[in-house]
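**Student:** Sharing a structure with you now.
Only the coordinates and a few stated rules stand behind these numbers; no lab work does. None of the values given here were measured: they were computed from a predicted structure. Note that we place each Cβ from the backbone using ideal geometry, even for glycine, and neighbour counts take in every protein chain shown.
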Amino acid sequence: MENKSSQNQNPFVRQSAAQSSTSAASVPVVNSLSSAKPVMQSMTPPKHGVSGLVIMLVLLVMIAFGIGSGYGAALFSANTGTSLFPNALNPNAPIKGKVYGNGDTSVFKDTTEGILQNGGLAGEGQYHLVRPGGASQNVYLTSATVDLSQFINQKVKVWGATQAAKKAGWLMDVGKIQVE
């Protein structure tokens with residue numbers, strides 16, 4: 001049994017007017033705590049966020065766009081022979097004015113200038129130089145000594161040896177190239 005001193009210390013028990021008198025038969029009255037917080041509270045915070053399904057869908061869409069843009073860039077590069085990125089961003093880009101290839105002009109006596117493009121003519125040449133005067137003035141190029149693919153869409157001067165051609169007006173084996 002509890003004594004009266006422990007009842008007075010309990011914050012949830014209120015003494016009634018009858019208890020304040022010295023009557024021993026009175027029962028304590030419990031306070032109603034309608035405005036107070038509940039004694040038992042949830043330990044997990046309420047969920048306020050994005051569901052896992054939404055996150056997975058967003059990730060799948062991002063992956064699909066990444067693959068699609070990479071595939072599109074590869075197709076663009078393969079069709080045009082150019083990169084989507086300017087040469088200024090490429091540390092391996094050819095330097096303007098620098099000569100690449102074999103400097104022996106006794107072997108590579110012929111020279112011409114133009115804008116280097118990808119593609120030959122009827123199996124002759126892998127690249128061609130676009131020169132003023134139209135397609136009849138194009139020079140079709142091959143090279144065993146210089147990688148011409150890094151000079152595509154640039155104005156260049158080439159030194160080479162003229163080769164016999166069946167379809168192309170001028171077929172040249174390039175030995176030296178300079179970016180202008």
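**Student:** Each residue of the range 153-162 in order: what ³J(HN,Hα) in whole Hz does its phi give by Karplus 6.51 cos²θ - 1.76 cosθ + 1.60, θ = phi - 60°, with x for Gly and Pro?
**Tutor:** With the stated coefficients, the range 153-162 comes to 6, 10, 7, 9, 10, 10, 10, x, 10, 5 Hz.
**Student:** Now, a different point. Around Leu141, which amide H atoms from residues at least 5 apart in sequence, or from another chain, sit under 5 Å from its own amide H, with H modelled in the peptide plane?
**Tutor:** Gln126, Tyr127, His128, Leu129, Met172
**Student:** How would you rank His128, His48, going from fewest to most other Cβ atoms within 10 Å of each one's own Cβ?
**Tutor:** Values: His128 24, His48 5.
Ranked by crowding around the Cβ, least crowded first: His48, His128.
**Student:** Can you compute 3J(HN,Hα) from phi for each residue in the range 168-176, using the Karplus curve 6.51 cos²θ - 1.76 cosθ + 1.60 with θ = phi - 60°, rounded to whole Hz and x for Gly and Pro?
**Tutor:** These are the phi-based 3J(HN,Hα) values: 6, x, 8, 10, 10, 9, 7, x, 8 Hz.
**Student:** Check cross-link reach from Lys176 to the lysines: straight Cα distance under 17 Å, and skip same-chain residues fewer than eight apart.
**Tutor:** Result set, ordered by chain and number: Lys96, Lys98, Lys109, Lys155, Lys157.
**Student:** Do any trypsin sites (Lys or Arg not before Pro) in the range 120-180 lie in a loop, going by DSSP, with at most 11 other beta-carbon atoms within 10 Å of their beta carbon, and if so which?
**Tutor:** Lys166
**Student:** For a Förster distance of 45 Å, can you work out the FRET efficiency between the beta-carbons of Arg131 and Ile67, rounded to the nearest 0.05?
**Tutor:** Working: r = 40 Å, r/R0 = 0.89.
That pair, Arg131 with Ile67, gives E of 0.65.
**Student:** Also, I was wondering about something else. Could you list Thr112, Thr162, Thr44 so that the one with the fewest beta carbons within 10 Å of its beta carbon is first and the one with the most is last? It would help to have the intermediate numbers written out before the result.
**Tutor:** Working: Thr112 17, Thr162 13, Thr44 5.
Ascending number of Cβ neighbours within 10 Å: Thr44, Thr162, Thr112.
**Student:** Please give the charge dipole size of the range 99-179, origin at the Cα centre, charges +1 on K and R Cβ atoms and -1 on D and E Cβ atoms. Round to the nearest 20 debye. Don't skip to the answer; put the middle values down first.
**Tutor:** On the way: 7 positive and 6 negative charges, 37 e Å.
Dipole size: approximately 180 debye.
**Student:** Excluding same-chain residues fewer than 8 positions from Lys37, which lysines have a Cα within less than 21 Å of its Cα?
**Tutor:** Qualifying lysines at Cα under 21 Å: Lys47.
**Student:** Using label points projected 7 Å from each Cα along Cα→Cβ, tell me how many nm separate Met43 and Glu113, to one decimal.
**Tutor:** For the pair Met43/Glu113, the computed spacing is 8.3 nm.
**Student:** How large is ³J(HN,Hα) for each residue in the range 63-74, as worked out from phi by the Karplus curve 6.51 cos²θ - 1.76 cosθ + 1.60 (θ = phi - 60°), to whole Hz, x for Gly and Pro?
**Tutor:** For the range 63-74, the Karplus-derived couplings read 5, 4, 5, x, 5, x, 5, x, 5, x, 5, 5 Hz, x marking Gly and Pro.
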